[in-house]
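Report on the structure given below.
The values are calculated or read from the model by the stated rules, or taken from the named source; none is laboratory data. Note that the coordinates shown come from a computational prediction; the quantities given were computed from them, not determined experimentally. Cβ: placed from backbone, ideal geometry, glycine included. Neighbour counts: every protein chain shown. Only protein heavy atoms, including side chains, enter the accessible area calculation; ligands, DNA and RNA are left aside. Shrake-Rupley method; radii C 1.70, N 1.55, O 1.52, S 1.80 Å.
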Amino acid sequence: MTSKDDDPTPFALDALDQAVLRTLRRAPRASYAEVAAATGAHERTVARRVERMLGTGRIRFTASLLHEYIGTGVAAQLAIRCAPGHLHDTARALARRPDTYSVEVATGPAAVFVELTVPDHRELLSVVDGPIAGLTGVVGIETQLLLTLLLTANDWAPYDDEPTAVRRAVSQGTPLPAPLPTDALDEQLVALLKEDARMSTTRLARELRVGETTARRRLSRLMGSHVLHLRLHAEPEVLGFPIEARFRLAVPQRGLDATLRALGREPEVRSLALTSGRYNVLGYSSHRSMEELRDFSSRAFGAADGIATETALLIRSYKRAGVTTL
C-alpha cells in the first residue's frame with residue numbers, strides 16, 4: 001500500500017505540503033528541523049514532502065543576481081510574432097537559449113513573449129536581428145527595454161500578512177533599497193547557489209576557497225539585499241493560483257506614480273516593471289479564478305483615467321526564472 005508521503009501524483013498537494021512550501025518560500029535555506037517546527041510536522045515527514053514536490057519538476061530552488069537592479073547587462077522584453085503553426089517550435093527554441101529568463105505564450109496576437117538579458121545594447125541588436133529573427137516562422141519582433149524593475153516573484157506572497165520591503169516601497173512611492181555592489185566572489189557564490197540553493201556554508205567556503213566566516217558573511221549580505229533572487233520557486237497553479245495574466249499599460253507621466261503605488265498594493269501582482277515604448281508599465285498577476293481576474297482588472301484598470309491597457313491570459317510557460325518548463 002502506498003502512503004500519502006510516497007504518492008507520486010505531482011499536483012496532489014495537501015495542507016501540509018502548502019504549509020511547507022510557504023515556509024520555504026519565506027526562508028529557502030531553512031533547515032528541515034526549522035520547517036518542521038514552523039509547520040508542526042516531523043522533520044522526516046518534511047524531508048519526504050520536499051523531495052516528492054521537487055521531483056514533480058514544478059517546484060525548485062532558484063538563485064540568481066538580478067542584473068536589472070545592479071546594472072550589469074541590458075534586460076529586454078520581446079514580443080515575437082509568429083506565422084500560424086510556429087508558436088510552439090519558436091517558444092521551445094527560445095527557451096533553450098541561455099540568455100533567456102522567461103518564455104511564454106499568451107492570448108491575443110500569435111506571439112511568443114520573451115525576457116532576456118545581454119551584455120549591452122549592441123549585443124541586443126545582434127541577437128534580435130540575428131538568431132532570433134532567423135528562426136523559422138518568425139515574422140516580426142517588438143522590443144522593449146526593462147528600465148526599472150519594481151517587483152519580482154520574490155515580492156509575490158499573497159498569503160503573507162506583511163509585504164516585502166520592496167513591495168512596501170513601491171506601494172508607498174518611496175525609493176527602492178539601494179543596489180548592493182557585487183564582485184567576482186559574490187558571483188561565484190551565487191553560481192554555487194544556483195547549483196544547490198541549500199548548499200551548506202561549510203561547503204560554500206570550501207568551493208570558494210575562503211574561510212567559513214567570509215562565506216557566511218557574504219551569504220548573509222546577499223540574503224539581506226534585494227539583488228539576490230534566492231527562493232523556492234513554485235508554479236503559481238501549485239500554490240492555488242492557476243490563472244495568470246500579462247498586462248501592459250500606457251500611463252501618462254502625470255499619473256505614473258499613483259498608478260505604480262496602486263499596483264504595488266495589489267497582492268495579486270506578481271511582477272512589475274517600467275519599460276521603454278508607448279506601453280511603459282509591464283506587469284504579471286496571478287489569480288485563483290477567472291472571477292478574481294475580472295475583479296482585479298476592474299479594480300486596477302477600470303477607473304484608470306487616460307490609461308490605455310492591454311491584458312492577455314497566459315496559455316503556457318516554456319521557461320521561468322531561467323529554467324525550462326517544457
### Query
Among the residues of the stretch 99-156, which ones are among the charged types (D, E, K, R) and either under 28 Å from Leu263 (Cβ atoms) or without any contact (Cβ under 8 Å) to a residue 40 or more places away in the chain (or both)?
Asp99, Glu104, Glu115, Arg122, Asp129, Glu142, Asp155
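Given the criterion of a type in the set (A, V, I, L, M) and closer than 24 Å to Arg22 by Cα, identify the matching residue among Leu313, Leu274, Leu263, Leu256.
After ruling out the rest, the residue left standing is Leu263.
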### Message
Looking only at residues that are surrounded by fewer than 22 Cβ atoms within 10 Å (Cβ to Cβ) and charged (D, E, K, R) in the stretch 43-69, which one is nearest to Arg29 (Cα to Cα)?
### Response
Arg60
### Message
Condition first: modelled with pLDDT under 90 and under 16 Å from Thr152 (Cβ atoms). Now tell me which residues in the stretch 167-193 satisfy that.
### Response
Leu176, Pro177, Pro179, Leu180
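How many residues, within the stretch 32-90, are in a helix (DSSP H, G or I) and either modelled with pLDDT of 95 or more or more than 18 Å from His229 (Cα to Cα) (or both)? I'd like the intermediate steps shown before the answer.
In the first step, residues of the stretch 32-90 are kept if they are in a helix (DSSP H, G or I); the result is 32-39, 43-55, 67-70, 87-90.
Going one step further and asking which of them are either modelled with pLDDT of 95 or more or more than 18 Å from His229 (Cα to Cα) (or both), we end up with 32-39, 43-55, 87-90.
Number of matching residues: 25.
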### Query
Can you name the condition, by its number, that Leu192 falls short on among (1) in contact (Cβ under 8 Å) with a residue 24 or more places away in the chain; (2) of a type outside the set (S, T, N, Q); (3) within 24 Å of Gly322 (Cα to Cα)?
(1)
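Can you confirm whether Asp161 is of a type in the set (Asp, Glu) and more than 20 Å from the chain's Cα centre (by Cα)? Let's see the steps before the verdict.
Values: of a type in the set (Asp, Glu): yes; more than 20 Å from the chain's Cα centre (by Cα): yes.
Here the answer is yes, as Asp161 does meet what is asked.
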#### Entry: Failed condition for Ser200, given (1) closer than 17 Å to Ala63 by Cα; (2) within 16 Å of the chain's Cα centre (by Cα)
(2)
### Task
Kindly provide the set of residues from the stretch 114-125 that are of a type outside the set (D, E, K, R), under 17 Å from the mean Cα position of the chain (by Cα) and open to solvent by 10 Å² or more (accessible area, probe 1.4 Å), ordered by number.
Thr117
### Task
Give me the pairs, please: first residue somewhere in the stretch 163-176 and in a loop (DSSP other than H, G, I, E, B), second residue anywhere and open to solvent by less than 60 Å² (accessible area, probe 1.4 Å), beta-carbon distance under 6 Å, and either six or more positions apart or on two chains.
Thr164/Asp155; Leu176/Ala169
### Query
Which condition number in (1) in contact with a Lys or Arg (Cβ under 9 Å, 6 or more places away or on another chain); (2) open to solvent by 20 Å² or more (accessible area, probe 1.4 Å); (3) at pLDDT below 95 is the one that Ala111 fails?
(2)
### Message
Checking Ala36 against (1) open to solvent by less than 20 Å² (accessible area, probe 1.4 Å); (2) touching a residue at least 24 places away in the same chain (Cβ under 8 Å), only one condition comes out false. Which one?
### Response
(2)
### Task
Inspect all residues belonging to the stretch 268-279 and state whether any of them is within 21 Å of the chain's Cα centre (by Cα) and acidic (Asp, Glu).
yes
### Message
Here's a check for you: in the stretch 151-162, which residue that is among the acidic types (Asp, Glu) and assigned to a loop (DSSP other than H, G, I, E, B) is least open to solvent (accessible area, probe 1.4 Å)?
### Response
Asp160
### Task
Just give me the residues in the stretch 41-58 being under 14 Å from Ala19 (Cβ atoms) and not charged (D, E, K, R), in sequence order.
Ala41, His42, Thr45, Val46, Val50, Met53
## Note on the structure
Residue count, the stretch 252-284, condition in contact with a strand residue (DSSP E or B) (Cβ under 8 Å, 6 or more places away or on another chain), more than 17 Å from Ser297 (Cβ to Cβ) and of a type in the set (D, E, K, R), comes to 1
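Does Asp305 count as at pLDDT below 90, farther than 19 Å from Ala157 by Cβ, out of contact with any strand residue (DSSP E or B) (no Cβ under 7 Å at 6 or more places or on another chain) and of a type in the set (D, E, K, R)? Can you show your working first?
Numbers: at pLDDT below 90: yes; farther than 19 Å from Ala157 by Cβ: yes; out of contact with any strand residue (DSSP E or B) (no Cβ under 7 Å at 6 or more places or on another chain): yes; of a type in the set (D, E, K, R): yes.
So Asp305 passes the test.
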